[in-house]
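The values are calculated or read from the model by the stated rules, or taken from the named source; none is laboratory data. All figures in this text were calculated on a predicted structure; none of them were measured in a lab. For neighbour counting, all protein chains shown are included, and Cβ atoms are generated from backbone atoms with ideal geometry for every residue, glycine included. We work out accessible area using only protein heavy atoms, side chains counted, and drop any ligands, DNA or RNA first. Shrake-Rupley method; radii C 1.70, N 1.55, O 1.52, S 1.80 Å.
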Amino acid sequence: WGNFGMLVRAYTYIRTMGADGLRSVSENAVLNANYILKRLEADYDVSVPGPCMHECVVSARRQKKQGVTATDIAKRLLDLGFYAPSTYFPLIVEEALMIEPTETESKETLDAFCDAMIQIARETEREPALIHEAPITTPVRRLDQTRAAREPDLTWSPKT
């Protein structure tokens, strides 16, 4: 049956928005995703040509040639104040970054996000080591994923 609370939340959102409101927010979500896609197409590979729906997928193939992966870009976005997009999905797009702006994001926020992505593309060319070290400003730095996979610590104990 799923998570009842989430179902109530979705139902309430639909009922509150009504048909006209849902159409409006859907159009805004599509507009926002296409705006981001257009802004980033000069610096990242576009996975599928043409307009997208409520999310866009760009590829960091160009950056990978310089040694910077989609994961590195996602970690660097944290330093720049943005929650990282989905990485490596869809699986058929090499170095995929799936960006899904919500319908309520302002143009200023979209521009700030695009500016951060463009900045990362420039940093890839000038100083890739900076991106490999990211995140730098977060309380927890980059984890050793190989060690975490080989030696999982699945218990929690309070700090003493």
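Filter the range 85-124 for residues that are surrounded by 15 or more Cβ atoms within 10 Å (Cβ to Cβ), within 30 Å of residue 21 (Cα to Cα) and of a type in the set (S, T, N, Q) and give the result.
Correct list: 86 only.
Somewhere in the range 16-37, is a residue out of contact with any His (no Cβ under 6 Å at 6 or more places or on another chain) and closer than 20 Å to residue 91 by Cα? Give the derivation first.
Start the filter on the range 16-37 by keeping residues that are out of contact with any His (no Cβ under 6 Å at 6 or more places or on another chain), which leaves 16-28, 31-32, 34-37.
Among the residues that remain, those that are also closer than 20 Å to residue 91 by Cα are: 37.
Within the range 16-37, one or more residues are out of contact with any His (no Cβ under 6 Å at 6 or more places or on another chain) and closer than 20 Å to residue 91 by Cα.
Test residue 20 against the stated conditions and say whether it is open to solvent by 40 Å² or more (accessible area, probe 1.4 Å) and either part of a helix (DSSP H, G or I) or modelled with pLDDT of 95 or more (or both).
Details: open to solvent by 40 Å² or more (accessible area, probe 1.4 Å): yes; either part of a helix (DSSP H, G or I) or modelled with pLDDT of 95 or more (or both): yes.
Criteria met by residue 20.
Taking the range 54-67 as the region of interest, how many residues are buried (at least 24 other Cβ atoms within 10 Å of the Cβ) and closer than 20 Å to residue 130 by Cβ? Spell out how you get there, then give the answer.
Residues of the range 54-67 that are buried (at least 24 other Cβ atoms within 10 Å of the Cβ), as a first pass: 56, 58, 60, 63.
Those left that are additionally closer than 20 Å to residue 130 by Cβ: 60, 63.
Qualifying residue count, the range 54-67: 2.
Can residue 26 be described as of a type in the set (Ser, Thr, Tyr), under 30 Å from residue 68 (Cα atoms) and modelled with pLDDT under 95? Break it down into steps so the answer makes sense when it comes.
Working: of a type in the set (Ser, Thr, Tyr): yes; under 30 Å from residue 68 (Cα atoms): no; modelled with pLDDT under 95: yes.
The answer is no for residue 26.
Being of a type outside the set (Gly, Ala, Ser), in contact with a Leu (Cβ under 9 Å, 6 or more places away or on another chain) and open to solvent by less than 50 Å² (accessible area, probe 1.4 Å) is the filter; apply it to the range 125-155 and report the residue that is nearest to residue 45 (Cα to Cα). Steps first, please.
Applying the first criterion (of a type outside the set (Gly, Ala, Ser)) to the range 125-155 yields 125-128, 130-133, 135-147, 150-155.
Okay, now just the ones that are also in contact with a Leu (Cβ under 9 Å, 6 or more places away or on another chain), so 135-138.
Imposing the further condition that a residue be open to solvent by less than 50 Å² (accessible area, probe 1.4 Å) reduces the set to 135, 138.
Numbers: 135: 24, 138: 28 Å.
So the residue we want is 135.
If we only count helices (runs of 4 or more DSSP H) wholly inside the range 59-160, which ones have 3 or more residues that are of a type outside the set (Gly, Ala, Ser), without any contact (Cβ under 8 Å) to a residue 24 or more places away in the chain and more than 28 Å from residue 24 (Cα to Cα)?
On the way: elements: 61-64, 70-79, 107-126, 128-133, 145-150.
Once the helices (runs of 4 or more DSSP H) in the range 59-160 are filtered for at least 3 residues that are of a type outside the set (Gly, Ala, Ser), without any contact (Cβ under 8 Å) to a residue 24 or more places away in the chain and more than 28 Å from residue 24 (Cα to Cα), what remains is 145-150.
Only one of 50, 5 is assigned to a loop (DSSP other than H, G, I, E, B) and free of Cβ contacts under 8 Å to residues at least 12 places away in the same chain; which? Spell out how you get there, then give the answer.
Working: 5 fails: assigned to a loop (DSSP other than H, G, I, E, B).
None of the other options fit; the residue is 50.
Under the condition of being at pLDDT 95 or above and farther than 21 Å from residue 51 by Cα, which residue from the range 82-108 is farthest from the chain's Cα centre (by Cα)?
108
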